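Undergrad: This is the structure I want to talk about, given as structure tokens.
Laboratory data are not the source of any read-out in this text; all were calculated from the coordinates shown. Because the structure is predicted, anything quoted here is derived from the model rather than measured. Note that we place each Cβ from the backbone using ideal geometry, even for glycine, and neighbour counts take in every protein chain shown.
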Amino acid sequence: MNNNKMQAYWKNNIKYLLILLSIWFVCSYGFGILLADQLNQIKMGGFKLGFWFAQQGSIYIFVVLIFIYVWLMNRLDKKYEVDEE
């Protein structure tokens, strides 16, 4: 792979990482800590929503983001012809 192609590949990879980690940060820190009082007005499964995000929601979201990252990277690998197939 030539240098320009490698730089474009890593630029896209970093873009994906920053977007996905930003989503996780907003969900874990923003919803679980900063907006917890406002979200606690809403109940989910018998628990306050702010509590749910702080205890479980951010973990579930992180796991979903891992699967999204794998899917995005598989597409990116095929686009830049660095896939293992």
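Undergrad: Name the residue farthest towards the positive end of the dipole of the chain from the options ILE59, TYR9, LEU34, assuming +1 on Cβ of Lys and Arg, -1 on Cβ of Asp and Glu, about the Cα centre.
TA: So the residue we want is LEU34.
Undergrad: Once you have a ≥ b ≥ c as the square roots of the Cα gyration tensor eigenvalues for the chain, tell me rounded if a/c is under 1.5, and otherwise prolate or oblate according to whether a/b is larger than b/c.
TA: Note, shape of the chain comes out prolate.
Undergrad: In the chain, what is the count of Lys pairs whose alpha carbons are under 22 Å apart, counting only pairs at least 8 residues apart or on separate chains?
TA: Taking the Cα cut-off of 22 Å, the pair count is 7.
Undergrad: Can you tell me which of 28-40, 2-14 comes out highest on packing, and rank the rest after it, using the mean Cβ neighbours within 10 Å?
TA: Averaged packing, sorted descending, gives the order 28-40, 2-14.
Undergrad: So how strong a dipole does segment 8-79 carry about its Cα centre when Lys and Arg Cβ are +1 and Asp and Glu Cβ are -1, to the nearest 20 debye?
TA: I would put it at about 300 debye.
Undergrad: Can you show me the helix-derived [θ] at 222 nm for the chain, built from DSSP H runs with n ≥ 4 at -39,500 (n - 2.57) apiece and divided by the number of residues, rounded to the nearest 500.
TA: It lands at -20000 deg cm²/dmol.
Undergrad: Between ILE66 and GLN41, what is 0.36 nm times their sequence separation minus the Cα-Cα distance? Round to one decimal in nm.
TA: 6.0 nm
Undergrad: Please sort 61-70, 45-54 by packing, taking for each peptide the average over its residues of neighbouring beta carbons within 10 angstrom, highest first.
TA: Answer by packing, highest mean first, reads 45-54, 61-70.
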